[in-house]
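Here is the structure we will look at, set down as structure tokens.
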Amino acid sequence: MEEIQIEDQIRDMISQVSGLPHDFDRNGHLYLDLGVASMHALQLLTEIEDRYGIQVPDEEFVEASSLAKIGGLVVRLVSS
């Protein structure tokens, strides 16, 4: 699966769990700039792990604080 496809899918998930409009900045900090709540982040993490069949280390997920970074993290974990 290509990185752009994964990022598009994750964008959809973020919009669904947080209520953000679909056109949010891919480099914006989800928590500080875009106001994503921690409970939404946990829901997103669970959805990502379920959808891609991966285990995302909590500390790596917290550090990947933008769509672009989360997409890169998921691509790396899926490819491993």
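Any chance you could run the full-extension gain for residue 49 through residue 78? It's 0.36 nm times the residue separation minus the Cα-Cα distance, nm to one decimal.
9.4 nm
On C-alpha positions alone, give me the angle between the axis of helix 3-18 and the longest principal axis of the chain, in degrees, nearest 10.
40 degrees
Return the calculated 222 nm mean residue ellipticity for the chain, to the nearest 500 deg cm²/dmol, obtained by summing -39500 (n - 2.57) across DSSP H runs with n ≥ 4 and dividing by the residue count.
-19500 deg cm²/dmol
For the chain, run through the GluC sites (Glu not before Pro) and keep only the ones in DSSP coil with at most 10 other Cβ atoms within 10 Å of their Cβ.
2
Helix 38-52 versus the longest principal axis of the chain: what angle, 0 to 90°, nearest 10, using Cα atoms?
30 degrees
For a quick check: with amide H placed at 1.01 Å from N, whose amide H comes under 5 Å from residue 66's, ignoring anything fewer than 5 positions away on the same chain?
Residues meeting the criterion, in which the H sits 1.01 Å from N, are 30.
Every read-out reported here was derived from the displayed coordinates using simple, explicitly stated rules and does not represent laboratory data. These figures come from a predicted structure and were not determined experimentally. All Cβ positions, glycine included, derive from the backbone under ideal geometry; neighbour counts span all protein chains shown.
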